[in-house]
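*Asks:* Next up is a structure, given as structure tokens.
The values are calculated or read from the model by the stated rules, or taken from the named source; none is laboratory data. Just so we're clear, the structure is a prediction, and the values are computed from it rather than from any experiment. Reconstructed Cβ throughout: ideal geometry from the backbone, glycine too, with neighbour counts over all protein chains shown. Heavy atoms of the whole protein, side chains included, go into the accessibility calculation; ligands, DNA and RNA do not. Shrake-Rupley method; radii C 1.70, N 1.55, O 1.52, S 1.80 Å.
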Amino acid sequence: MLMDWNRRRLHWHPRLFVLMLTLTLPALAQDRGFSNERSILHGTRDRTYDVQHMKLDIAFDHAKGLVMGTATTTLTSINDGLARVVLDAVDLSIESVSLAVNVEVEAASREGNRPLTYAVENGQLIIDLDKPYRSGEPITLNVVYHARPRLGLYFVRPDEAYPDKPWQIWSQGEMEENRHWFPCYDSPNDQLTTELIVTVPDSQMAISNGELLEIRRNENEGTATYHWRENIPHVTYLVSVVVGRFVEVRDEWDGVPVLYYVEPRDSNKVERSFARTPDMIDFYSEMIGVRYPYEKYAQTTITDFMWGGMENISATTLKRETLHDERASLDVSSDGLVAHELAHQWWGDLLTTKNWNHIWLNEAFATYFDALYVEHDKGPQEFILELENNRRAYFAEDANRYRRPIVTNRYENPEEMFDRHTYQKGSLVLHMLRNLLGDELWWKAIRHYARTHAGQTVETNDFKQAIEDATGRSLEWFFDQWVYHGGHPEYEVSWEWYRRRQAVALEVKQVQGVDDVTPLFRMPIKIAITGDFGTETFAIQVDKAEETFYLPVEAKPLRVEFDPDDQVLKELTFNKHKKELLNQLANAGDVGRMRAAGWLRVYADRKVIEALGTALRQDPFRGVRAGAARALGEVKTKAARDALLPGLHDEHARVRRAVITALGNYVGDSQVVAALENVFHSDSSYFARAEAVKSIARLSALNAYDICMEALEVASYQEVIRCAALSGLVVLKDPRGVDHALKLADYGQPFQVRIEAVSALAGLGRHIPKRKKEIRERLVALLEDPHFRVRTAVISALGRLGDPKTLKALEASLEREPHFRHRKAAREVIRKIRIKGEK
Ligand SMILES: [Zn+2]
């Protein structure tokens, strides 16, 4: 855990004690382990001008990684007396800057461009205007430039090791990286319309934002010029371009073109990933109450993307890996990614966070609206599982890394805000809001918020105010605890039947540690009490550290459920008898049965095993079946094993995977090994087969090494089976694994395999001291790998290796590494290794 590192740091630099204390205390008061001494206060950037429009006319030298062109920016002064314009321009070589005379107004006295003096300093282009400008007076600047961007614009090309890699150029502007390939005002508190004129080789196309005005074929040069224009104002980070050879598949939603662009080799996968897009546009347009606003909606899959997807305005970019074959669709779907990026076209693009402190207004909304589409499309059970995944992701970050308020202003780099607090916790906060208001008022508030702020930049208070205006409900207390504070309630609950009072006495405690970050929570909570009398529900308000509620029912109940639909984000310890849990597993709602299966894992008797086995075989909800499998996995008796084995034939691959993982606990059981071997050879799911390989390794089966060797030869979606083989070799601690991992980490192997091989090297290096030096040297060399994701894996592998001899190389990588994410990860690893060295 890294939570406590400030104190550790003080420990090894005692002389810095006083200084560090004053620097870090204010931050510690606002979060726990999130901000540090590098953090600075962030807010909305000051502006002196308002950009109206930008026309970017560019071409590339693909082999050299160069972009060159002219950016024509029209802006107006906000106040009287603007004499200087500062644009963001990192690593751009500026050739000239001039003032364009307004040709339309002054057509008669057209003078052309007037050169201006300028300076380039600290990533900014500082332009002295010809005179002070009045408020509202328009200014059009032409900047001629070229650049070899290290961020923001990426050049993909084949080489000897990857001859099939396509020629592609693509941009990634969020957070503030478009300034690396064109001069601009690169903060999200200004909106403009944009126009991209992009010249590419005739065999390629250029995809950008808005409507396609023209494709001009320049026959003498063998090039084509694509002219795109986005007419709806937006912030700079949403400007994008993708260049390459693509197949265009045209679809349509209510007259709006819906376009899918994939590499020619992927054209048979388009429908599987994208066919639901028009239905999603329909759903969001209807529910948000604002029709899809842009000229078209394009989705382009690209090679070597570092994110899953990016909601560039009207032209989303997606990682190529989202495309998959029929067999992979047993386990994976593109729907979540497609829905997330599409939801951003409203939440993020039409309404944009004014600064990064409020990024949950983009990301939590996209995450929750993805889940809402699941609810609409696949029904309540799949929706429960979406939320459950979000809960687990947030809890893991909260427990293992840090706790912070969803909205905070102390961080080093905006990228740090793109975490599980923003996405997953934020989505669960929206879910609570919906439950608090009820569906009717929730949607009324959402529509009011969307309509009121469409085309604007927003902060959290705008959302809170919109709810208040639409519904009359002031939610100051809700935002204060869930958005401006951190953590979540941890309830400890128990109940007793009071025959004389004819009531259930429900004792509720909030046991989370309360401090500056984490409050005592106030939440309304639903209680469901079931007995021979049926089910009675009660609404209680929990706001104290400890309170007993008396809930009248006519007879002793069979079970009591606290928040039966999991509306509140919480950790819950509910002391229940086995009998009650068995009743809950058999009879409660979807959430109640799923929870009961989890809680029953502490019992190992015949009755419980039977009940879990029945749930695994018969429950209609796959969440319950998988939960029962996990519980049986912990029992580890012969009876539990026999209850698990039929689950290998579950119709849902995800349940089978839970069963396979659970069976991996049955070390030394030859019957289990045989069953898993059969899964590896014959299951239809790539992921189930991969899981079987891992479990066989965990079982220390005699043939485990041979199975891993066999699995290393099996091709699968995203190489999941070969990756499982590598992780199996780590479990086996087999020295022969080192040679395989060294080979598979080679440049030229699929990147997924390389990442797993890198991680395997770290895992094996710790167990096989004789090879440690060799492994260390290899990992250090890979710190300079061209592949972004491989470098990410290498930094984390070096952290696991924990060898002080790698410090120098890690420090050198800080100087070289353009991506903040890598620098931060490398700094954390360096710190961890040093701390270890101090001990
Ligand atoms: Zn997003």
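*Asks:* What ranking of Thr537, Thr76 comes out by heavy-atom accessible area, probe 1.4 Å, highest first? Kindly include the intermediate steps, with their values, before the conclusion.
*Replies:* Working: Thr537 85, Thr76 20 Å².
Largest to smallest exposure gives the sequence Thr537, Thr76.
*Asks:* Once you order the gyration tensor axes a ≥ b ≥ c over the Cα atoms, which shape class does the chain get: rounded for a/c under 1.5, otherwise prolate or oblate by comparing a/b with b/c?
*Replies:* Taking the square roots of the gyration eigenvalues as a ≥ b ≥ c, the chain is prolate.
*Asks:* Now, a different point. Given a 1.4 Å probe and the protein chains all in place, what does the accessible area of Ile94 round to, in Å² to the nearest 10?
*Replies:* Rounded to the nearest 10, the figure is 30 Å².
*Asks:* Taking the Cα-to-Cβ direction at Thr223 and at Gln502 and moving 7 Å from each Cα, how far apart do the two end points lie in nm?
*Replies:* 8.7 nm
*Asks:* Along the Cα-to-C-beta direction of Lys770, a point sits 7 Å from the Cα; which residues of the stretch 733-747 have their amide N less than 13 Å from that point?
*Replies:* Under 13 Å, as judged by backbone N against the label point of Lys770, lie 734-739 of the stretch 733-747.
*Asks:* Expressed as a whole percentage, what fraction of the accessible surface of the stretch 51-325 belongs to carbon and sulfur atoms when a 1.4 Å probe is rolled over the protein heavy atoms?
*Replies:* Ligands and nucleic acids excluded, carbon and sulfur give 45 percent.
*Asks:* Any idea how far apart Ala545 and Thr573 come out in nm if each label point goes 7 Å out from Cα toward Cβ?
*Replies:* 1.6 nm
*Asks:* Could you give the angle, 0 to 90 degrees to the nearest 10, between helix 720-732's Cα long axis and the longest principal axis of the Cα atoms of the chain?
*Replies:* So the helix axis and the longest Cα principal axis differ by about 60 degrees.
*Asks:* Now, a different point. Based on the Kirkwood radius over alpha-carbon pairs, what value in µm²/s does the Stokes-Einstein equation return for the translational diffusion coefficient of the stretch 51-325 at 10 °C and 1.306 mPa s? Spell out each step's value before the answer.
*Replies:* Numbers: Rh = 19.8 Å.
Translational diffusion coefficient: 80 µm²/s.
*Asks:* Once phi is turned into ³J(HN,Hα) by the Karplus curve 6.51 cos²θ - 1.76 cosθ + 1.60 with θ = phi - 60°, what whole-Hz value does each residue of the stretch 506-515 show in order, with x for glycine and proline?
*Replies:* With coefficients 6.51, -1.76 and 1.60, one gets 9, 9, 10, 10, 9, 10, 5, x, 8, 8 Hz.
*Asks:* Shape verdict for the stretch 753-839, please, from the Cα gyration tensor: rounded (a/c under 1.5), prolate (a/b greater than b/c) or oblate.
*Replies:* Since a/c reaches 1.5 but b/c is at least a/b, the shape of the stretch 753-839 is classed as oblate.
*Asks:* Please turn the phi angles of the stretch 418-426 into ³J(HN,Hα) values with the Karplus equation 6.51 cos²θ - 1.76 cosθ + 1.60 (θ = phi - 60°), one per residue in order, whole Hz, x for glycine and proline.
*Replies:* For the stretch 418-426, the Karplus curve yields 8, 10, 7, 5, 5, 7, 6, 5, x Hz.
*Asks:* Given a Förster distance of 51 angstrom, what is the FRET efficiency for Thr537 paired with Arg114, based on the Cβ-Cβ distance and rounded to 0.05?
*Replies:* 0.10
*Asks:* If you rank Arg403, Arg499 by how much accessible surface each has, with a 1.4 Å probe, what is the order from largest down?
*Replies:* Arg499, Arg403
*Asks:* Now a separate question. Normalised radius of gyration for the stretch 423-540, please: alpha carbon Rg relative to 2.2 N^0.38 Å, two decimal places.
*Replies:* The stretch 423-540 yields a ratio of 1.34.
*Asks:* Fully extended, how many nm does the chain gain between Asn461 and Leu213 (0.36 nm per residue separation, minus their Cα-Cα distance)?
*Replies:* My answer for the length gained is 85.4 nm.
*Asks:* Which residues' amide hydrogens lie under 5 Å from the amide hydrogen of Ile525, considering only partners 5 or more residues apart or on another chain, with H built in the peptide plane?
*Replies:* The answer is Ile540, Gln541, Val542.
*Asks:* Using protein chains only and a probe of 1.4 angstrom, how many square angstrom of Glu248 are accessible, to the nearest 10?
*Replies:* 80 Å²
*Asks:* Same structure again: Report the FRET efficiency, 1/(1 + (r/R0)^6), for Glu610 and Gln124, where r is their Cβ-Cβ distance and R0 is 51 Å, rounded to 0.05.
*Replies:* 0.10
*Asks:* Let me know the charge dipole size of the stretch 604-667 about its Cα centre in debye, to the nearest 20, where only the beta-carbon of Lys, Arg (+1) and Asp, Glu (-1) is charged.
*Replies:* 120 debye
*Asks:* Okay, moving on. Compute the separation of the alpha-carbon centres of the stretch 813-833 and the stretch 44-100 and state it in Å as a whole number.
*Replies:* Their Cα centres are 31 Å away from one another.
*Asks:* Only Lys, Arg, Asp and Glu count, each charged at its Cβ (+1, +1, -1, -1), so figure out the dipole size of the stretch 94-203 about its Cα centre, rounded to 20 debye.
*Replies:* Computed about the Cα centre, the dipole is about 160 debye.
*Asks:* OK, next. Going by Cα centres, the stretch 369-409 and the stretch 500-546 are how many Å apart?
*Replies:* 23 Å
*Asks:* Checking the table Lys743/Lys805; Lys694/Lys773; Lys165/Lys832; Lys354/Lys464; Lys733/Lys839; Lys733/Lys805 against a 25 Å threshold on Cα-Cα, which pairs fail?
*Replies:* Lys694/Lys773; Lys165/Lys832; Lys733/Lys839
*Asks:* When DSSP beta bridges are limited to those with both residues in the stretch 159-315, what percentage is antiparallel, rounded to the nearest 5?
*Replies:* 85 percent
*Asks:* Please give the contour-minus-distance gain from Val667 to Arg134: 0.36 nm per residue of separation, less the Cα-Cα distance, rounded to one decimal in nm.
*Replies:* Full extension of this stretch gives 184.0 nm more.
*Asks:* Please list Ser187, Ser796 from largest to smallest accessible area, probe radius 1.4 Å, with all protein chains kept in place. List each step's numbers first, then the result.
*Replies:* Values: Ser187 10, Ser796 70 Å².
Of Ser187, Ser796, the descending order of accessible area is Ser796, Ser187.
*Asks:* Kindly report, to the nearest 10 Å², the accessible surface of Val514 as traced by a 1.4 Å probe over protein heavy atoms only.
*Replies:* Per-residue accessible area (Val514): approximately 90 Å².
*Asks:* A further question on this structure: Starting with the highest mean, order 358-365, 540-547, 267-274 by the number of other Cβ atoms within 10 Å, averaged over the residues of each peptide. Walk me through the intermediate numbers first.
*Replies:* Working: 358-365: 25.6, 540-547: 13.8, 267-274: 18.0.
The densest-packed peptide leads the list: 358-365, 267-274, 540-547.
*Asks:* Can you tell me the length gained on complete extension of the stretch Asp282 to Leu807, counting 0.36 nm per residue apart and subtracting the Cα distance?
*Replies:* 183.7 nm
*Asks:* Next up: Against the longest alpha carbon principal axis of the chain, how many degrees, from 0 to 90 and to the nearest 10, is the axis of helix 686-698 turned?
*Replies:* 60 degrees
*Asks:* Looking only at the chain, where both bridge partners belong to it, what percent of the DSSP beta bridges are antiparallel (to the nearest 5)?
*Replies:* Bridges in the chain are about 80 percent antiparallel.
*Asks:* Once the Cα atoms of helix 460-471 and of the chain are each reduced to a long axis, what angle between those two axes, in degrees from 0 to 90 to the nearest 10, is obtained?
*Replies:* Value to nearest ten degrees: 70.
*Asks:* Could you derive backbone 3J(HN,Hα) for the stretch 573-584 from the dihedral phi with the Karplus parameters 6.51, -1.76 and 1.60 (θ = phi - 60°), listing whole Hz in sequence and x where the residue is Gly or Pro?
*Replies:* Whole-Hz 3J(HN,Hα) from phi for the stretch 573-584: 10, 10, 6, 10, 6, 4, 4, 5, 5, 5, 4, 5.
*Asks:* Based on the alpha-carbon gyration tensor of the stretch 355-482 and its eigenvalue square roots a ≥ b ≥ c, which shape applies: rounded if a/c is under 1.5, prolate if not and a/b is larger than b/c, or oblate?
*Replies:* oblate
*Asks:* Still on this structure, I have one more. Between Asn678 and Phe395, with labels modelled 7 Å along Cα→Cβ, what's the label distance in nm to one decimal, could you check?
*Replies:* Result for the modelled spin labels: 3.4 nm.
*Asks:* Within the stretch 159-242, which GluC sites (Glu not before Pro) sit in a loop by DSSP and count at most 14 neighbouring Cβ atoms inside 10 Å? Intermediate results must be reported in sequence, preceding the final value.
*Replies:* Values: sites: Glu160, Glu174, Glu176, Glu177, Glu195, Glu211, Glu214, Glu219, Glu221, Glu230; in loops: Glu160, Glu174, Glu176, Glu177, Glu219, Glu221.
When the GluC sites (Glu not before Pro) of the stretch 159-242 are filtered for loop state and at most 14 Cβ neighbours within 10 Å, Glu160, Glu219, Glu221 remain.
*Asks:* At a 1.4 Å probe, what is the % contribution of carbon and sulfur to the accessible area of the stretch 753-839?
*Replies:* 52 percent
*Asks:* Please report the antiparallel percentage of DSSP beta bridges with both residues in the stretch 51-325, rounded to the nearest 5. Can you show the working numbers first?
*Replies:* On the way: 77 of 94 bridges.
Bridges in the stretch 51-325 that DSSP calls antiparallel: roughly 80 percent.
*Asks:* Using DSSP to call loops (not H, G, I, E or B), can you name the chymotrypsin sites (Phe, Trp or Tyr not before Pro) in the stretch 529-623 whose Cβ has at most 13 other Cβ atoms within 10 angstrom?
*Replies:* Those that pass, being in a loop and sparsely packed, are Phe533.
*Asks:* State to the nearest 20 debye the size of the charge dipole of the chain about its Cα centre, where the only charges are +1 on K and R beta carbons and -1 on D and E beta carbons.
*Replies:* 3820 debye
*Asks:* Give me the distance between the Cα centres of the stretch 199-248 and the stretch 291-306, rounded to whole Å.
*Replies:* Comparing the Cα centres of the stretch 199-248 and the stretch 291-306, I get a distance of 13 Å.
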